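To start, the structure itself, in structure tokens.
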Amino acid sequence: MINKCLFPAAGYGTRFLPATKSMPKEMMPVVNKPLIEYGVEEALQAGMESMCIVTGRGKHTLMDHFDKNYELEHQIEGTNKEVLLDDIRRTIESAQFTFIRQREMKGLGHAILTGRELIGNEPFAVVLADDLCVNHEGDGVLQQMVKLYKQFRCSIVAVEEVPLTETHKYGVIDGQCIREDLYRVTNMVEKPESGTEPSNLAIIGRYILTPDIFEFIEDTEAGKGGEIQITDALLRQAEQGCVIAYKFKGQRFDCGSVEGYMEATNHCYKNVYLKDKDIVIKQERTEKEVEPAC
């Protein structure tokens, strides 16, 4: 039902300067894999095959990453290094990648509108790569949201509870509780001032959007910071129909901040990288054990 996932990736990543002066923040590695690759893998797990990436100036490495590197592959062919390319090879073979450039940085709403040509008239997902989401106990966050979309057939935003002292960093929702983890959105405020937040439920970088959102974005004037905010467009959509907020299962790391990035790196090293490495070692031992004696 949902085949396309949009990745807004045109931002400057100023919180990580000077590292992001010449490297897209989406290409910053968490252990040995760039942030955007984690997002693409999450979208593939949710059944999406078309990855639509909104880029900007200096972002050519995003396109290069999801393409073959003939020279590199030739150099390591037949060596024990070749296995390190297995994950990205599977990803490239499993997905289709299209790119479009956002010429001006006018906010997340404008970035999503820029991707309209790639999306067309169908529901789609949005992933902000610097929000790294993991769920080792079951479905990924996007997969959870796709299942909800099949039930509600409306736009869905992922939310999590944050301290009231942190709400000024996020879009914050208020709504009618449908069940313990679901709300029908009645209000949305982008980066509310302290004391004015409608709740402590903050929107994180996972969305399922119906195609009429593009019309709402087109009719949305620049808001906070002079940018076109997706929260403003979603609020208008909620007033005229239905938008659901979902408290997802799993853990989210804000890799747009140094602290969150370090937490994500430590978590993935312990819970993903070391476990995968242990599996490879065990497989190699098993293969050696079954080798026929000379």
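Since every read-out is calculated from the coordinates, none of them should be taken as a lab result. Everything numeric here is computed off the predicted structure, so don't read it as measured data. Note: ideal-geometry Cβ built from the backbone for every residue, glycine included; neighbour counts use all protein chains shown.
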What share of all Cα pairs of the stretch 178-281, in percent, falls into each consecutive 5 Å distance bin?
2, 10, 15, 17, 17, 13, 10, 7, 5, 3, 1, 0
Degrees between helix 141-152 axis and first principal axis of the chain (Cα, 0 to 90, nearest 10):
50
Write down Rg/Rh for the stretch 100-147, rounded to two decimals, with Rg from the C-alpha atoms and Rh from the Kirkwood relation over Cα pairs.
1.05
Rounded to the nearest 500, what is the 222 nm mean residue ellipticity of the chain from helices alone, with -39500 (n - 2.57) per DSSP H run of 4+ residues and division by all residues?
-9500 deg cm²/dmol
For the stretch 4-289, would you read off the P(r) tail past 28 Å as a percentage of all alpha carbon pairs?
37
So what's the angle, to the nearest 10 degrees on a 0 to 90 scale, between helix 230-240 and the longest Cα principal axis of the chain?
60
Could you put Phe253, Phe97 in order, starting from the residue whose Cβ has the fewest other Cβ atoms within 10 Å?
Phe97, Phe253
Expected sort for Tyr149, Tyr269 with the fewest Cβ neighbours (10 Å cutoff) up front is Tyr269, Tyr149
Using the 10 angstrom Cβ neighbour count as an exposure proxy, how do Asp87, Asp232 rank, fewest first?
Asp87, Asp232
Antiparallel versus total DSSP beta bridges in the chain: what percent is that, nearest 5?
60
Global size of the stretch 109-248 as Cα Rg and Dmax, reported in angstrom
14.2, 41
To the nearest 10 degrees, the tilt of helix 258-268 (Cα long axis) against the first principal axis of the alpha carbons of the chain is 50
Cα pair count fraction exceeding 29 Å, expressed as % - the stretch 1-148:
17
Using every alpha carbon pair in the stretch 130-187, what percent of pairs falls into each 10 Å bin from 0 up to the bin containing the largest distance?
17, 49, 32, 2
Quote the relative contact order of the chain in percent (integer), defining contacts as alpha-carbon pairs under 8 Å separated by 6+ residues.
22
